[in-house]
Amino acid sequence: MPTLTGIPQNNLALVTMFFLCLGCSGSHYGWDTNDYRSAVRSGRSLIAPAIEMEKQFPDTEHMLIMYGATGSKHEWQTVSFFGGRYVLTMSVDVFLNSNGTSVLRVDDNPRFSLSVYRSIEANGDSAAVDKSRGTEFTIDKWLAFKESGFDLKILDPAYDGSVLPYFKEYANTWQENRRVWR
């Protein structure tokens with residue numbers, strides 16, 4: 001089972017939600033879930049790749065990492081599940097207004113990471129990633145991918161059109177944990 005700094009991937013969304021709750025409840029700014037939702041809605045319109053990912057890949061979520069933490073700079077992530085085995089994450093630093101209800105501006109260019117899944121268990125709650133086919137890339141490769149009509153061979157030269165059983169269930173399980181924040 002893949003991990004991210006020791007956290008099993010299927011628990012990553014739950015851990016993220018915990019820290020978001022901790023940040024929201026412990027923030028001296030008084031930010032809450034509605035403020036978070038407002039900030040995410042405002043950020044979508046400022047981050048072109050976020051909207052492009054959402055339009056191209058219906059199973060897409062947007063989030064602010066460590067929302068409610070001290071300071072106005074936060075990490076924005078847009079995560080898309082598509083192609084029966086791919087998870088694309090776009091990250092960019094953003095600045096929030098003082099009450100945390102809107103994204104004021106984007107700081108620098110977005111960063112992208114493509115994960116190619118090798119297998120998923122039947123219950124949809126754990127997966128193995130093929131790290132040899134995963135990649136990190138910049139806005140230039142994103143633009144080439146977009147201009148190609150989203151040809152997966154641009155990001156994954158080994159793309160053969162195959163899909164994993166249970167990938168949709170895995171994506172739904174991951175996204176189910178995020179829906180509380182929409």
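The values are calculated or read from the model by the stated rules, or taken from the named source; none is laboratory data. Not measured: the values here are computed from a predicted model. Cβ atoms come from the backbone with ideal geometry, glycine included; neighbour counts cover every protein chain shown. Side chains included, ligands, DNA and RNA excluded: accessible areas come from the protein's heavy atoms. Shrake-Rupley method; radii C 1.70, N 1.55, O 1.52, S 1.80 Å.
For region 72-109, a tally of residues being open to solvent by 20 Å² or more (accessible area, probe 1.4 Å) and under 18 Å from residue 40 (Cβ atoms) returns 16.
Count of region 75-94 residues, restricted to those that are aliphatic (A, V, I, L, M) and over 8 Å from the mean Cα position of the chain (by Cα), is 3. Scanning region 111-118 turns up at least one residue that is within 27 Å of residue 48 (Cβ to Cβ), among the charged types (D, E, K, R), in contact with a strand residue (DSSP E or B) (Cβ under 7 Å, 6 or more places away or on another chain) and open to solvent by 10 Å² or more (accessible area, probe 1.4 Å). Selection of region 129-138 for residues being surrounded by 14 or more Cβ atoms within 10 Å (Cβ to Cβ) and in contact (Cβ under 8 Å) with a residue 24 or more places away in the chain yields 129, 133, 137.
Scanning for something surrounded by 18 or more Cβ atoms within 10 Å (Cβ to Cβ), more than 30 Å from residue 165 (Cα to Cα) and at pLDDT 90 or above, does region 51-58 turn up at least one residue? Checking region 51-58: not a single residue is surrounded by 18 or more Cβ atoms within 10 Å (Cβ to Cβ), more than 30 Å from residue 165 (Cα to Cα) and at pLDDT 90 or above.
Using the structure shown, decide if residue 147 is at pLDDT 95 or above and more than 18 Å from the chain's Cα centre (by Cα).
Against the criterion (at pLDDT 95 or above and more than 18 Å from the chain's Cα centre (by Cα)), residue 147 qualifies.
Evaluated against (1) closer than 24 Å to residue 63 by Cβ; (2) in a loop (DSSP other than H, G, I, E, B); (3) open to solvent by 30 Å² or more (accessible area, probe 1.4 Å); (4) not acidic (Asp, Glu), residue 141 falls short on exactly one condition, (2).
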